[in-house]
1. For the range 46-60, list residues with backbone N below 17 Å from a point placed 7 Å from the Cα of Leu157 toward its Cβ?
2. Among 59-66, 86-93, 149-156, how do they line up by average Cβ neighbours within 10 Å per residue, starting with the highest?
3. Projecting each Cα onto the charge dipole of the chain (Lys/Arg +1, Asp/Glu -1 at the beta carbon, about the Cα centre), which of His89, Gln27, Thr134 comes out farthest on the positive side?
4. Around Val9, what is the net charge, scoring Lys/Arg as +1 and Asp/Glu as -1 over all other residues with Cβ under 12 Å from its Cβ?
5. I'd like the carbon and sulfur percentage of the solvent accessible area for the range 4-88, probe radius 1.4 Å, heavy atoms only, ligands and nucleic acids excluded.
6. Which whole-number value in Å² is the accessible area per residue of the range 59-118, probe 1.4 Å?
7. Tell me the net charge near Ser72. Cut-off is 15 Å between Cβ atoms, Ser72 excluded, with +1 for each Lys or Arg and -1 for each Asp or Glu.
8. Express the C-alpha Rg of the chain as a ratio against the empirical globular expectation 2.2 N^0.38 Å, rounded to two decimals.
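The values are calculated or read from the model by the stated rules, or taken from the named source; none is laboratory data. Bear in mind the structure is a predicted one, so any value in this text is a computation, not a measurement. Please note: Cβ atoms are built from the backbone with ideal geometry, for glycine as well, and neighbour counts cover all protein chains shown. To get the accessible areas, we keep the full protein, side chains included, count just its heavy atoms, and leave off ligands, DNA and RNA. Shrake-Rupley method; radii C 1.70, N 1.55, O 1.52, S 1.80 Å.
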Amino acid sequence: AIYELAAFVAEQGVERTIGMNLGGTVQLEEVAATMVEAKHSAGAQDESGTHYVGVAAGFVLTIADGPVLYHSGDTAVFGDMTLIRELYHPEVAMLPIGGHFTMGPKEAALAVQLLSPSMVLPIHFGTFPPLTGTPDELAALVGPAVEVARLVPGGSL
């Protein structure tokens with residue numbers, strides 16, 4: 001996790017944390033996890049209130065002999081997603097589409113253009129009323145060249 005969040009959860013009793021920062025990479029067995037920028041708020045809450053826990057972040061997961069995955073975290077679309085494409089070439093992009101607290105399908109479609117993945121796994125949608133974006137809306141915007149995965153709870157990809 002971002003350094004400040006790792007320190008916060010360690011204070012809450014989590015025993016195994018790895019604090020890192022944007023641009024850093026940690027090797028976790030067969031996966032290299034690289035922390036990348038995201039545009040969102042970042043805070044954690046406990047009994048004494050809300051606390052600053054570093055900046056928002058996403059992760060690029062480079063799997064040995066496997067695909068490169070990009071988990072954007074809760075984010076808005078931002079132009080430097082092109083740097084993620086140029087540096088890591090993600091094959092699968094996990095992008096929020098719910099709107100309200102994150103980007104919606106329109107913004108996620110632009111993120112797809114910036115990232116050039118072959119597949120998108122929509123995240124952060126449909127779990128409560130303000131998150132109205134849908135995978136079908138995203139698929140209509142990106143067209144048939146990019147597969148939009150449609151998982152159901154408990155499903156696998």
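1. 58-60
2. Values: 59-66: 14.5, 86-93: 17.9, 149-156: 8.2.
With the highest mean Cβ count within 10 Å placed first, the list reads 86-93, 59-66, 149-156.
3. It is Thr134.
4. Numbers: positive: Arg16; negative: Glu4, Glu11, Glu15, Asp46.
Taking every other residue near Val9 into account, the sum is -3.
5. Details: 2570 of 4940 Å².
Whole-percent figure for carbon plus sulfur exposure: 52.
6. Details: 2650 Å² over 60 residues.
Spelled out: the 1.4 Å probe surface of the range 59-118, per residue, equals 44 Å².
7. Numbers: positive: Lys39, Arg85; negative: Glu37, Asp74, Asp80, Glu91, Glu107.
With Lys, Arg at +1 and Asp, Glu at -1, the neighbours total -3.
8. On the way: Rg = 16.0 Å, N = 157, 2.2 N^0.38 = 15.0 Å.
That ratio works out to 1.07.
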